[in-house]
1. Please state which of the following conditions residue 3 fails to meet, knowing it meets all the rest: (1) in contact with a helix residue (DSSP H, G or I) (Cβ under 8 Å, 6 or more places away or on another chain); (2) under 14 Å from residue 80 (Cα atoms); (3) free of Cβ contacts under 8 Å to residues at least 60 places away in the same chain.
2. Test residue 330 against the stated conditions and say whether it is assigned by TED's automatic domain parsing to the domain that holds residue 389 and out of contact with any strand residue (DSSP E or B) (no Cβ under 6 Å at 6 or more places or on another chain).
3. Looking at segment 281-296, can you tell me whether even one residue there is over 30 Å from residue 125 (Cβ atoms) and surrounded by fewer than 14 Cβ atoms within 10 Å (Cβ to Cβ)?
4. Just to be sure I understand, how many residues within segment 263-290 are assigned to a loop (DSSP other than H, G, I, E, B) and either assigned by TED's automatic domain parsing to the domain that holds residue 80 or under 17 Å from the mean Cα position of the chain (by Cα) (or both)?
5. Which of the following residues is assigned by TED's automatic domain parsing to the domain that holds residue 221, more than 20 Å from the chain's Cα centre (by Cα) and on the phi > 0 side of the Ramachandran plot: 352, 336?
6. Could you please give the count of residues in segment 291-340 that are under 20 Å from residue 381 (Cα atoms) and either part of a loop (DSSP other than H, G, I, E, B) or touching a residue at least 12 places away in the same chain (Cβ under 8 Å) (or both)?
7. Return yes or no: is residue 396 assigned to a helix (DSSP H, G or I), assigned by TED's automatic domain parsing to the domain that holds residue 222 and either touching a residue at least 12 places away in the same chain (Cβ under 8 Å) or crowded, with 19+ Cβ neighbours inside 10 Å (or both)?
8. When the residues of segment 355-368 are filtered to those that are loosely packed, with under 13 Cβ neighbours inside 10 Å and not in a strand (DSSP E or B), which remaining residue is nearest to the chain's Cα centre (by Cα)?
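The values are calculated or read from the model by the stated rules, or taken from the named source; none is laboratory data. Note that the coordinates shown come from a computational prediction; the quantities given were computed from them, not determined experimentally. We place every Cβ from the backbone using ideal geometry, glycine too, and count neighbours over all the protein chains shown.
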């Protein structure tokens, strides 16, 4: 099988998808923005061919590159795994007749107001929401729904450019900051109180073959605003517990409504006083290396499972569910440059056999802003057979390790 893979070298874990495709025996053609000389020797051995383009989200350039490849060989699949690449890939698939995620599905997984409209119409519980094209749209929605509200880009990812608006004066300020009414649209949603998590699936021909549930501690919006917090994401190994049945069923229903075929998906949800509420979906794997957490928890290769789904249309193996596993972000005490760390040896002595990966930037490295995300500075991945014990371990890590900066 001949598979085009978009942007094989950046971000770094993109190479894992290429490795996995190569391992299945596929002939992999990379399309990326960097010169071929930039690619590592190992990556070059996995790629049968490579085409450089000015931008992988510039659809005319991407389309021209794919058509050039099609003149030489038959292309069975064109795959993208980064949120920003999904729509461009879908449009090029449609123009070239390559099977995969459709433009309609990609759009509904990308555009939050349209996504929620489609799901609400099908009976999936979601927050009240609207697409605001003017300041008046925002005021009208606030009048009908009440505060607090969430305002974010219609096609944003994570907590980027997201505001929690508590009252009208703050709404006026946010309208000015985001440029609403000056050619900018935003998605506005009812704020849902409750615990936040996500469910990730690997779906083959519309059927969920692998699934993983992860909890945020604390919720993302709070985690991305408060420097003192060492935020955690912990995936459970108790997914078969009765309490997860509702969210697992919801994920299958969302995939069906949005016509997910063979693809990874990433779905956010809330559970609180109003029950389970769907938040949003990406028709791609989760970010921040979360598949590496699943691999550590389940003692298998989810990248290879994805590649086998693409190439062979079936799963290869089952997850062990032996471990709960998580990632904790460790933030510098202030912006500047990293001076060093304290508490790392203590944690190593106590839990060294539980740590599966860690990243501690060298002293002198410039710090990254809190809003830059979970992997922006130091982080650790940890696993343990007992979920509750893992939570205690990760809390201890957050309270013990300090990232010093000046």
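1. Single failed check for residue 3: (3).
2. Numbers: assigned by TED's automatic domain parsing to the domain that holds residue 389: yes; out of contact with any strand residue (DSSP E or B) (no Cβ under 6 Å at 6 or more places or on another chain): no.
No: the conditions fail for residue 330.
3. no
4. 7
5. Only one candidate qualifies: 336.
6. Within segment 291-340, the subset under 20 Å from residue 381 (Cα atoms) is 291-303, 319-332, 340.
Filter once more, keeping what is either part of a loop (DSSP other than H, G, I, E, B) or touching a residue at least 12 places away in the same chain (Cβ under 8 Å) (or both): 291-294, 296-303, 319-332, 340.
So the answer is 27.
7. Details: assigned to a helix (DSSP H, G or I): yes; assigned by TED's automatic domain parsing to the domain that holds residue 222: yes; either touching a residue at least 12 places away in the same chain (Cβ under 8 Å) or crowded, with 19+ Cβ neighbours inside 10 Å (or both): yes.
Taking the combined requirement at face value, the residue satisfies it.
8. Among those residues, the one meeting the criterion is 362.
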